[in-house]
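Sending over a structure as C-alpha cells; questions will come in a sec.
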Amino acid sequence: MKFDMVINIYMAVIKRVTRVNQLFLYIFIVFFFASCSSDDFLDTENQREEQSNSEAVMQAKKVLPRYYEFIEDLLSKGYKFHNFNYLVEKKFKVENKTIILRHDVHYRDIYKARHMMVIDKELLGEFSATYFVQYNDPNEMNNSSYQTEYLNFIENCYSLGFDVQPHISLNDLIKKSDINDFWSNRYTKTELKLLFEENYLIENNGTDNQDIRIVKSDVFRIESMYGQMKEMLNDYNSIWEQNTGLKVQGYASHGSRIPMNSVINNAVLLDLIELESSGTYKYGAYNTKIFKELEYYSDNSLPEWMYKANLVNHDKIEMLAHPYLWD
C-alpha cells in the first residue's frame, strides 16, 4: 500500500470515530508505518518526480515543437552533442559528427530557454550544451529584476547539468570604464573606420589568433590598453564567480551599439593573443582556433537549416541556437 493511499484512508476513517477510538487509531497508524518498507515512500517520491519531469517535457514540446523535432532529426543523422568544456578538454580537436551546442541567453530568451533546457536534457542529456548568459552586462547591471532573473536561470541551468558561461561585450566594458574617448559616443562609425583603416590592420598569419597590427600610428592607444582590458575581464570574472559559484572558462561575445564595435568587433578583441594568452579565459566562442576546427551555424538570420535539418551537413559544427528565435 502506498503512502498517499494510507493518508487518504486515515483521513476518511478519522472523521468517523470517537475521540477515544482516535487514540487506538493513532497507535495503529504508527505500527502500520513502522511495518511499511521505506521503498514504498521512495517509490512514491520517484513517481512524483517522474510525473513532474514528464509534464515539463510535454510543456517544453508545446512551446518549442520545432526545436524538439530539429534535435531529434540531428540525432537520427548520427550527431553527438557536447558543450564547450568538452572542446577545451579535447584541445579544440573533435571527432566527426560532433556538434558543440551553444545557446546565447539575453533577458528576452529566458522564458524559452527554460523550456529549451528541458528538451536538451531529455534528448541530449547532461553536458550537451553551453548556455552563455548575459548576466551583469554594463547596459543592464542597474536593472535588479533582470539580474535576479539571470541568477535564477543560471542556478536552474547548472542544476540540470549544463555548462553556464558569460555572454559579454568587452567593448561595453571599455566604454563603462571611461578610459578611452574613442570608445565613447563622441565619434561616428565613419570617423572611427577612417582612423582605423589609416593606422591599423587586422590580420591572421596562420596562427590561432588574430592580431591588430599598427601600420602607421597607434591613435586609439590600443597597445597601452591590453593590461586594462585584462583587468576588466578579471573583475568581471570575480563578480560572476562570487554571485554564481561557477568558474569562468570562456565567453561568447555579443553585439554592441557603440560605434567602436563596428570597427573592432568584440569577437576580434577576445581573439587577440595578448588577451587570450593572459590566462583570464580559455576561449572566446568566435576564436580563430575554434573556427579552424568547426563550421559555424548561427540562427541569427533565420537560415533555412533551422527548418530543414537535412541542410546541416558538416561533420564538425559549432551551432548557435537563440531560444527566442525558435518555436
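Kindly evaluate residue 63 against the criterion of being over 25 Å from residue 250 (Cβ atoms) and either assigned by TED's automatic domain parsing to the domain that holds residue 168 or not small (Gly, Ala, Ser) (or both).
Criteria met by residue 63.
Being closer than 22 Å to residue 225 by Cα and acidic (Asp, Glu) is the filter; apply it to the stretch 127-183 and report the residue that is surrounded by the fewest Cβ atoms within 10 Å (Cβ to Cβ).
Across the stretch 127-183, the extreme among qualifying residues is 178.
I'd like the residue in the stretch 76-91 that is out of contact with any strand residue (DSSP E or B) (no Cβ under 8 Å at 6 or more places or on another chain) and in contact (Cβ under 8 Å) with a residue 12 or more places away in the chain and, out of all such residues, is surrounded by the fewest Cβ atoms within 10 Å (Cβ to Cβ).
Among them, the one singled out is 78.
Moving on. Looking at 248, 312, which is the one that is in the same structural domain as residue 179 (by TED's automatic domain parsing), under 19 Å from residue 130 (Cα atoms) and either more than 22 Å from the chain's Cα centre (by Cα) or touching a residue at least 24 places away in the same chain (Cβ under 8 Å) (or both)?
248
Quick check on my filter: what residues within the stretch 300-319 are in a loop (DSSP other than H, G, I, E, B) and in contact with a strand residue (DSSP E or B) (Cβ under 6 Å, 6 or more places away or on another chain)? Break it down stepwise before answering.
Within the stretch 300-319, the subset in a loop (DSSP other than H, G, I, E, B) is 300-303, 307-308, 312-315.
Of everything in the stretch 300-319, just one residue is in a loop (DSSP other than H, G, I, E, B) and in contact with a strand residue (DSSP E or B) (Cβ under 6 Å, 6 or more places away or on another chain), namely 314.
Given the condition under 18 Å from the mean Cα position of the chain (by Cα), hydroxyl-bearing (Ser, Thr, Tyr) and on the phi < 0 side of the Ramachandran plot, answer yes or no: does some residue in the stretch 262-281 qualify?
There is at least one residue in the stretch 262-281 that is under 18 Å from the mean Cα position of the chain (by Cα), hydroxyl-bearing (Ser, Thr, Tyr) and on the phi < 0 side of the Ramachandran plot.
The values are calculated or read from the model by the stated rules, or taken from the named source; none is laboratory data. This is a predicted model, so every value here is computed, not measured. Counting neighbours? That spans all protein chains shown, and the Cβs are built from the backbone with ideal geometry, glycine included.
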